[in-house]
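Report on the following structure.
The numbers here are math on the coordinates, done by the rules we state, and not lab data. A quick note: this is a predicted structure, and the numbers were derived from the prediction, not measured. Cβ coordinates were reconstructed from backbone atoms using ideal geometry, including for glycine residues, and neighbour counts include every protein chain displayed.
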Amino acid sequence: MKNAQFATHDVLHCCEKKLDIKFRQGKHYSGWFIHNDVKIARITVPKGRKSIPPKTYKTMAKQLKLNTQQFDELLECPLGREEYIEIVTKSI
Amino acid sequence: MILKNAFVDESVDPRGKIFQVPKGRLIRGRVTTSSSPIKPFERFRIRRLKSRDLKEPLEAVVERDGTGYIARILDLPSYGYGEDIVEAVDVLKEDIESLYEELLESDNLSQEWKRIKLFLLSIVSD
């Protein structure tokens, strides 16, 4: 699990660019992953953390229906949008 | 008001929040200091969101996470993170309320989210 490597803005940036998630502002940022016009997953990202605490990291991964390794890959690069869609459509 | 080690229990008192601290005194609206560390795993019930009441309480749990705390609901994919427990719980409540409003706005939901929407409709008082 690579939670210490990533800041919350990395998660936001990745979700916006790769997954086309539009975030709303509140005490945390929250946004939906939409596929074929259907809301599939919702992620909440805390504000302003330089590294993400482990349970929060796991919870964010779970919100996106990923395990922590897949979430690491999503944030690093290997897991792209198409691979993510394949994983998430198998789980619903 | 020292809340850093407080365990928030909003169970019943309409006159004000009750804060309970380990080995501390139960006082409405304020807490006594406590030097006891918070237990790593605290369960509690949420009976009210930021601006809505709940017909039934939601079971939640708060845990230490890094230098802060994470508060989660057992029946929903929502959480709140904060520097202290009170902040984590506040953020969690806001997230649940936000989720509720977002689900009301939309019908294009997966089966899982339709179930969650029905669940929230049954317990949130408008």
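What pairs can you find where one residue is in the stretch A:40-61 and within 7 Å of chain B (Cβ to nearest Cβ), the other is in a loop (DSSP other than H, G, I, E, B), and their Cβ atoms are less than 6 Å apart, with a gap of 6+ or different chains? Final answer for the pair search is A:40/B:110; A:53/B:66.
Listed here are the residues, each with its yes/no results for (1) facing chain A (nearest Cβ under 9 Å); (2) of a type in the set (Gly, Ala, Ser); (3) part of a helix (DSSP H, G or I); (4) loosely packed, with under 13 Cβ neighbours inside 10 Å.
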| residue | (1), (2), (3), (4) |
| --- | --- |
| B:76 | no, no, no, no |
| B:86 | no, no, yes, no |
| B:89 | no, no, yes, no |
| B:100 | no, no, yes, no |
| B:104 | no, no, yes, no |
| B:113 | yes, no, yes, no |
| B:119 | no, no, yes, no |
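Within the stretch A:1-54, being in a helix (DSSP H, G or I), more than 17 Å from residue A:85 (Cα to Cα) and of a type outside the set (A, V, I, L, M) holds for A:3, A:5, A:8, A:9, A:10, A:13, A:54.
Could you please find all residues in the stretch A:69-92 being under 16 Å from residue A:1 (Cα atoms) and out of contact with any Lys or Arg (no Cβ under 6 Å at 6 or more places or on another chain)? Within the stretch A:69-92, A:69, A:70, A:71, A:73, A:74, A:75, A:76, A:77, A:78, A:79 qualify. Per the conditions (1) more than 9 Å from chain B (Cβ to nearest Cβ); (2) within 26 Å of residue B:88 (Cβ to Cβ); (3) more than 9 Å from the chain's Cα centre (by Cα), the sole criterion not satisfied by residue A:74 is (3).
Looking at this structure, is residue A:46 under 16 Å from residue B:69 (Cβ atoms) and either of a type in the set (A, V, I, L, M, F, W, C) or touching a Gly at 6+ places or on another chain (Cβ under 6 Å) (or both)? No, not satisfied.
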